[in-house]
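Below is one structure; the comments refer to it alone.
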Amino acid sequence: MTRASRLLEYPPLQMLPVPPVDRARRRIGLERSHEGHYARFVERFVMHGDPVSFRTLCERAVPPNTRYVVLDLDRTFHFERNLGELLGWEITAYHGYGDRHLASIESQRGPGRFVFDWSHPRSVLRYLGVGLRTWALPGLFYFLWGKLPARIERARHSSFLRFGVEPVRAVQAVPQTALLHVLAGLPLTTVRTLAERVWDHHASDQVIDETDVAWLRAHCPGVTIIVSSASPKPVLDVAARRLGVDAIAYTSVEELDGVMSSPYWLHPVFSHAREPRRIAPPSTVRINASHAKVDDLLARFPDFGDSVTVGITDTGYGEDHCWAQYFTRVIDINSSSPFPPMVAVDSPLEEVHSASVLTRDERQRRAMGDENYVDRRRRPNVLAQTLSGADLALRLGDHRNEVEVLAARYDALVPQLAKAGLAVAERVVALGKKMETVVGNYNAAGQGTRRAQLAELRGTLAELAKATAEQVKLEAPLAEVAFALARSLEAARALLGNADGVPGAG
């Protein structure tokens, strides 16, 4: 079987195994109220129409008494740019060209993930070879299970059945883990230098900068400003230095002597994972995505749930839609998958805002006289409108009824699956504990005596992958309902004006 074939057969990648019923309850977040309802419309839904500056948006949407403002990083601070992904490609260029040569052509480079210096063809070939070995298979996986499902309904349905009720998080874990393997073994000082370069290369696409953060702090006296991202710590370290925020949250993996260890997932899809210098055990690996972001906030800031909170994110592919169950306001900016107008009845959410926000380049071009200039990558503007909960009920009542039926079905399925899923859940937990021991044995072994430990590690990974696949199979009825819920919520949002004009995108 080829490596590509093995990739396509690879079971769901779960970094932190969780019993299926617990996952089911916390992912959907729908609890029945005393009146018998699961869902409600938000009190105010605002679409801001033409692109605006970040400060103008905050004047409209962020109240001065806000206690916490939480911002996603990738594609939120930089229009259409994922800094974590770009760091991975910068490291590819570092290995392909060498640091000295890469530094020598720094002034000639523009934005984007690729670097081609055709005056040095051998370096270009080496760079392409490193890129193919590193990113071809994770990229193919993400294209098949991430990009295609965002556009093709049948493919999206398949992704729910294959990866469970939260497929985006499971699929994105593959390129995220690939990046962690790329970072492993490099001095963190080198990684941060490369991350600084990535930030500088894309300054023209920056939507929010340090002056905006300072303005926001003055606008909301006493506010705590947090950047929370699935990108790794070196990227967030740069963001913290450049922006002056109060706290950061990031994907983390064991660090030792100024170097990051390789995550314990050593599947052949990750070409850098054949025999790592050191492996990080499961307890030291945490991907900060979806509900994990909220879990971190609630753990670190005990008054978060009792405060006025605003979450600002591009929420591409809907990965941050769970924020709507915890914040008092959410704002999606430059989003292809904006927030729907319905939330769980016990959510504190009051308002949803949706806006296109101008980049530094767009603002500069407008200031120079091109008053209506917009980046050609932007989607068509949507009509500005403000709707109350009563307005939403009149326009979207049928969708709420559908959500109520689906939520009741979901709620009834959870206890039915609890008993059936108990054994496999216990096996997943046991395998997670075993993995800690196996990784410890590998790290303690000498460089020339690791073959046996590596074989045991791969065997344990295969068992864990099989068990998580069993979990997903057990959850198939829940996944079917989750898919229908997602479609209904997106259809309701599309009726109000989808940011990219494609119902169900993301």
I need the full set of residues from the stretch 446-472 which are in contact with a helix residue (DSSP H, G or I) (Cβ under 9 Å, 6 or more places away or on another chain) and among the basic types (K, R), in order please. R450
Working only within the stretch 47-94, note down all residues that are touching a Phe, Trp or Tyr at 6+ places or on another chain (Cβ under 7 Å) and free of Cβ contacts under 8 Å to residues at least 24 places away in the same chain. none
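For the stretch 444-499, enumerate the residues that are not in a helix (DSSP H, G or I) and not aliphatic (A, V, I, L, M).
Residues of the stretch 444-499 not in a helix (DSSP H, G or I): 445-446, 450, 475, 498-499.
The answer is G446, R450, E475, N498.
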Does at least one position in the stretch 53-64 carry a residue that is open to solvent by 10 Å² or more (accessible area, probe 1.4 Å), under 25 Å from D346 (Cβ atoms) and at pLDDT 95 or above? yes
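For every residue, the table says whether it meets (1) farther than 20 Å from L87 by Cα; (2) open to solvent by 40 Å² or more (accessible area, probe 1.4 Å); (3) modelled with pLDDT under 95; (4) part of a loop (DSSP other than H, G, I, E, B).
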residue: S107; (1), (2), (3), (4): no, yes, yes, no
residue: W118; (1), (2), (3), (4): yes, yes, yes, yes
residue: L132; (1), (2), (3), (4): no, yes, yes, no
residue: A136; (1), (2), (3), (4): no, yes, yes, no
residue: H157; (1), (2), (3), (4): yes, yes, no, no
residue: F160; (1), (2), (3), (4): yes, no, yes, no
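Tally time: how many residues in the stretch 304-317 are surrounded by fewer than 22 Cβ atoms within 10 Å (Cβ to Cβ) and either in a helix (DSSP H, G or I) or modelled with pLDDT under 95 (or both)?
Keep residues of the stretch 304-317 that are surrounded by fewer than 22 Cβ atoms within 10 Å (Cβ to Cβ), which gives 304-308, 317.
Checking which are either in a helix (DSSP H, G or I) or modelled with pLDDT under 95 (or both) leaves us with 304-306, 317.
Residues flagged as surrounded by fewer than 22 Cβ atoms within 10 Å (Cβ to Cβ) and either in a helix (DSSP H, G or I) or modelled with pLDDT under 95 (or both) within the stretch 304-317 amount to 4.
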Among the residues of the stretch 176-186, is there at least one that is open to solvent by less than 20 Å² (accessible area, probe 1.4 Å), within 24 Å of P281 (Cβ to Cβ) and in contact with a Gly (Cβ under 6 Å, 6 or more places away or on another chain)? yes
On the basis of being within 30 Å of D391 (Cβ to Cβ), out of contact with any strand residue (DSSP E or B) (no Cβ under 6 Å at 6 or more places or on another chain) and modelled with pLDDT under 90, does V502 make the cut? yes
If I filter the stretch 374-394 down to residues being closer than 15 Å to S336 by Cα and open to solvent by less than 60 Å² (accessible area, probe 1.4 Å), which single residue comes out as farthest from the chain's Cα centre (by Cα)? V382
Mind checking which pairs have a first residue in the stretch 380-391 that is closer than 9 Å to D50 by Cα and a second that is open to solvent by 60 Å² or more (accessible area, probe 1.4 Å) and part of a loop (DSSP other than H, G, I, E, B), Cβ under 6 Å, 6 or more apart or different chains? N381/D50
In the stretch 342-372, anything more than 14 Å from P51 (Cβ to Cβ) and among the basic types (K, R) is listed as none
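From the list A425, A418, A412, which residue is over 23 Å from R493 (Cβ atoms), of a type in the set (G, A, S), in contact (Cβ under 8 Å) with a residue 40 or more places away in the chain and open to solvent by 20 Å² or more (accessible area, probe 1.4 Å)? Write out each step before concluding.
Numbers: A425 fails: open to solvent by 20 Å² or more (accessible area, probe 1.4 Å); A412 fails: in contact (Cβ under 8 Å) with a residue 40 or more places away in the chain.
Of A425, A418, A412, the one residue that is over 23 Å from R493 (Cβ atoms), of a type in the set (G, A, S), in contact (Cβ under 8 Å) with a residue 40 or more places away in the chain and open to solvent by 20 Å² or more (accessible area, probe 1.4 Å) is A418.
The values are calculated or read from the model by the stated rules, or taken from the named source; none is laboratory data. Remember, predicted model here, so these are calculated numbers, not experimental data. Heads up, the Cβs are rebuilt from the backbone with ideal geometry, glycines too, and the neighbour counts pull from every protein chain shown. Accessible surface is based on the protein model in full, side chains and every heavy atom, while ligands, DNA and RNA are left aside. Shrake-Rupley method; radii C 1.70, N 1.55, O 1.52, S 1.80 Å.
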